[in-house]
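Notes follow the structure.
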Amino acid sequence: SCTSDDQCAIKNVGNCCGEYPACVNVDSPTFPEQVKADCARNGISGICGFPVLEGCQCVEGRCEGIKAAQVAPNAPSIR
């Protein structure tokens with residue numbers, strides 16, 4: 001939870017592939033190694049990859065990520 005943007009931070013929350021950055025409360029502990037261990041113990045796998053976040057913002061009491069603009073390299077221009 002949050003009441004202002006400065007209460008949010010990008011932290012590694014983990015997933016079945018390893019690292020997974022997400023916006024959470026700056027004071028919230030994260031346990032990415034426990035998440036990965038739980039996945040291994042339960043035979044669960046996941047889709048690898050994660051969003052690229054430029055920052056975080058507080059939206060309706062929750063920390064949400066601000067995704068980096070994604071532009072395809074060498075994309076043709078539309079005229």
Next on the checklist: Just checking my list (1) 34, 30, 17; (2) 41, 30, 13; (3) 53, 35, 15 against Cα extents along the principal axes in Å computed from this structure; which label fits?
Outcome noted: (3)
Checklist entry - Once the whole set of protein chains is in place, how much accessible area is left on ASP6, using a 1.4 Å probe, in Å² to the nearest 10? => result 120 Å²
Checklist entry - Counting only protein heavy atoms and using a 1.4 Å probe, what share of the accessible area of the chain belongs to carbon plus sulfur, as a whole percent? => result 52 percent
Checklist entry - Hey, what number do you get for the chain at 222 nm if only DSSP H runs of n ≥ 4 count, each worth -39500 (n - 2.57), divided across all residues, to the nearest 500? => result -4000 deg cm²/dmol
Checklist entry - At a Förster radius of 35 Å, what calculated FRET efficiency corresponds to the Cβ-Cβ distance of ILE44 and ALA68, to the nearest 0.05? => result 0.80
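The values are calculated or read from the model by the stated rules, or taken from the named source; none is laboratory data. Since this is a predicted model, take the numbers as computed values, not measurements. Positions of Cβ are backbone-derived with ideal geometry, glycine not excepted, and every protein chain shown enters the neighbour counts. What goes into the accessible areas is simple: the full protein's heavy atoms, side chains included, and nothing from ligands, DNA or RNA. Shrake-Rupley method; radii C 1.70, N 1.55, O 1.52, S 1.80 Å.
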